[in-house]
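Accompanying notes for the structure given below.
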Amino acid sequence: MEQILDTVRAFDGVLELAPTEGSGYPEPAWGDHFFFYAPDGEVPQRVQPYATVVTKDSPGDTLSDLDPPDRRRLNIHVGRTTVTALTGHAPGGRTPPARDFRTTDTLHPHPVYGAQGWVAVVNPGPRTTPTVLALLREAHENARRRATRRSAPGAG
């Protein structure tokens with residue numbers, strides 16, 4: 001996971017939000033990482049991150065079993081079409097397909113947000129790292145394009 005984090009941190013215009021105790025962010029976010037395109041260094045308002053790394057289960061999101069030590073899940077917004085192409089699951093509704101979301105080094109539709117175009121990998125390893133690095137580059141570039149459109153004259 002460190003190789004992946006280091007790669008994303010090197011993207012042009014990336015902003016990593018990594019809340020810790022005392023940071024002013026709520027405790028459920030402590031230890032997690034949120035990645036935005038923000039060349040000004042400010043967390044964008046009304047914009048979701050394009051990738052996250054979560055380090056623990058949260059209410060309503062326990063299928064990946066992230067509470068044991070050394071389990072982290074990389075989540076990437078890739079769009080619904082790409083979720084289908086990568087996982088064989090056409091997102092629709094909130095019910096996840098029958099699969100074991102605890103499996104490591106495997107691309108899954110996100111267990112909660114797959115319908116919104118997110119994929120997830122618990123502990124990416126040799127099988128998924130090349131794919132997730134490419135997906136992260138594409139997600140970053142998509143976020144950059146969206147930010148450029150929002151900041152164009154007349155955009156509202």
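From the list 25, 37, the one residue that fits, being among the hydroxyl-bearing types (Ser, Thr, Tyr) and within 16 Å of the chain's Cα centre (by Cα), is 37. Scanning the range 1-56 for residues that are in contact (Cβ under 8 Å) with a residue 40 or more places away in the chain, surrounded by 16 or more Cβ atoms within 10 Å (Cβ to Cβ) and in a loop (DSSP other than H, G, I, E, B) turns up 1, 11, 38, 44, 50. Filtering 92, 88, 114, 60 for residues that are modelled with pLDDT under 95 and closer than 23 Å to residue 27 by Cα leaves a single hit, 60. Taken together, 80, 71 contain a single residue that is surrounded by fewer than 21 Cβ atoms within 10 Å (Cβ to Cβ) and touching a residue at least 40 places away in the same chain (Cβ under 8 Å), which is 71. Going residue by residue through the range 78-96, is there one that turns out to be within 20 Å of residue 17 (Cα to Cα) and polar (S, T, N, Q)? Looking through the range 78-96, none of the residues is within 20 Å of residue 17 (Cα to Cα) and polar (S, T, N, Q).
Would you confirm whether or not the range 114-124 contains a residue that is over 24 Å from residue 3 (Cα atoms), outside any loop (DSSP other than H, G, I, E, B), more than 16 Å from the chain's Cα centre (by Cα) and not basic (Lys, Arg)? Among the residues of the range 114-124, not one is over 24 Å from residue 3 (Cα atoms), outside any loop (DSSP other than H, G, I, E, B), more than 16 Å from the chain's Cα centre (by Cα) and not basic (Lys, Arg), which makes the answer no. Only residues that are modelled with pLDDT of 95 or more and on the phi > 0 side of the Ramachandran plot were counted in the range 118-155, giving 1.
A single entry from 38, 18, 29 fulfils the requirement of being closer than 21 Å to residue 116 by Cα and among the aliphatic types (A, V, I, L, M): 29.
The values are calculated or read from the model by the stated rules, or taken from the named source; none is laboratory data. The structure presented is a predicted model; accordingly, all values stated were derived computationally and were not measured. So basically every Cβ, Gly included, is an ideal-geometry build from the backbone, and we count neighbours across all protein chains shown.
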